[in-house]
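*Asks:* My questions all concern the structure below.
The values are calculated or read from the model by the stated rules, or taken from the named source; none is laboratory data. Keep in mind the model is a prediction, meaning the values are calculated, not measured. All Cβ positions, even for glycine, are placed from backbone atoms using ideal geometry, and neighbour counts span all protein chains on display.
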C-alpha cells in the first residue's frame, strides 16, 4: 500500500477516535435515563389512544381532559376506577389491568407538574 494511503487511513482513524471520545462521556447518562424513561413513556402512551398524545385531548372528542390533572389527582382517579368506586364505560376495565405501581408511573408521567 502506498505511503499516501497509509497516512490517509491514520488521519481518518484519529478523526473517528476523536468523535468517539466526544460521544462517550454522554453515553452513560443516556443509557441510565433512557431505558427507564422509555418504559415509563411507553406505559403512559397507552392512554393516548383515547386521551391524546401527552394527555392533550383532541377537541370535541368527548374524552376527559386528563392533562389538566396533577399527578396526585390522576392517581386518585385511576385507583378509583380500578377499585370500582368510580364508574365509567371502559376505564374501570382498563385500570384493573394495571398494577398500582404502573398506575403511579402513568400518573407521574402524564400528571400536570
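Okay, residues lined up against (1) within 19 Å of the chain's Cα centre (by Cα); (2) within 21 Å of residue 38 (Cβ to Cβ); (3) touching a residue at least 24 places away in the same chain (Cβ under 8 Å):
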position: 61; (1), (2), (3): no, no, no
position: 70; (1), (2), (3): yes, no, yes
position: 79; (1), (2), (3): no, no, yes
position: 85; (1), (2), (3): no, no, no
position: 88; (1), (2), (3): no, no, no
position: 93; (1), (2), (3): no, no, no
position: 102; (1), (2), (3): yes, yes, yes
position: 106; (1), (2), (3): yes, yes, yes
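*Asks:* Residue 61 - would you say it is over 14 Å from residue 103 (Cα atoms) and at pLDDT 75 or above?
*Replies:* yes
*Asks:* Given the conditions (1) exposed (fewer than 14 other Cβ atoms within 10 Å of the Cβ); (2) at positive phi; (3) touching a helix residue (DSSP H, G or I) at 6+ places or on another chain (Cβ under 8 Å), which single one is not true for residue 72?
*Replies:* Single failed check for residue 72: (2).
*Asks:* Within region 37-64, count every residue that is in a loop (DSSP other than H, G, I, E, B) and surrounded by fewer than 16 Cβ atoms within 10 Å (Cβ to Cβ).
*Replies:* 9
*Asks:* Would it be correct to say that residue 6 is at pLDDT below 85 and either surrounded by 12 or more Cβ atoms within 10 Å (Cβ to Cβ) or in contact with a strand residue (DSSP E or B) (Cβ under 6 Å, 6 or more places away or on another chain) (or both)?
*Replies:* Criteria not met by residue 6.
*Asks:* If the Cβ limit is 9 Å and pairs must be 6+ apart or interchain, which residue in region 28-53 that is over 14 Å from residue 102 (Cα atoms) pairs with which residue that is at pLDDT below 85 and in a helix (DSSP H, G or I)?
*Replies:* Note: pairs meeting the criteria are 48/54; 48/55.
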